[in-house]
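Notes to accompany the following structure.
The values are calculated or read from the model by the stated rules, or taken from the named source; none is laboratory data. Every value quoted in this text rests on a predicted model; they were computed, and no experiment measured them. As a convention, Cβ positions derive from the backbone with ideal geometry for all residues, glycine included, and neighbour counts pool all protein chains shown. Just the protein is used for accessible areas: all its heavy atoms, side chains included, with ligands, DNA and RNA removed. Shrake-Rupley method; radii C 1.70, N 1.55, O 1.52, S 1.80 Å.
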Amino acid sequence: MPHDPHDLAPGLLELLTERHLATLTTLRADGSPHVVPVGVTFDAATATARVITSGSSAKARHVRAGQQRVAVCQVDGRRWITLEGTAVVKDDAASVADAVARYARRYRQPRENPARVVIEISVDRVLGHE
């Protein structure tokens with residue numbers, strides 16, 4: 001069942017604040033899916049999901065190469081949520097620092113990575129069950 005990304009039910013928002021890993025699906029140049037485990041944060045006010053990663057990662061390369069349609073999925077028993085949207089890779093210091101701070105609040109302080117970037121996803125479709 002689709003949900004409004006700007007008005008998620010409290011149970012779905014709670015799921016997005018608990019400490020759970022998710023998967024990020026990006027598309028390779030041939031259209032095949034590349035699915036990897038990630039930590040993700042969600043800003044409900046702007047319907048923006050963020051994933052921090054190394055700038056040389058396959059997920060960052062796919063988005064930079066124009067495969068900008070992505071999905072993030074998180075599962076906890078019968079509860080699940082998928083955030084779909086358009087991604088961009090940001091490497092400016094302010095965007096990366098903001099994403100790292102959000103990640104640290106949800107998970108833990110990440111290790112240092114001078115090549116870190118943030119994949120910002122403008123979420124336009126949400127599927128899920130609370």
Pairs with Cβ under 9 Å, 6+ apart, first in segment 61-72 and on the phi < 0 side of the Ramachandran plot, second among the charged types (D, E, K, R) and assigned to a strand (DSSP E or B): 69/84; 70/84; 71/84; 71/125; 72/84
Unique match (being farther than 11 Å from residue 126 by Cβ, open to solvent by 40 Å² or more (accessible area, probe 1.4 Å) and either at pLDDT below 95 or not small (Gly, Ala, Ser) (or both)) among 10, 2: 10
Segment 27-60, subset β-branched (Val, Ile, Thr) and under 18 Å from residue 126 (Cβ atoms), residue most open to solvent (accessible area, probe 1.4 Å): 46
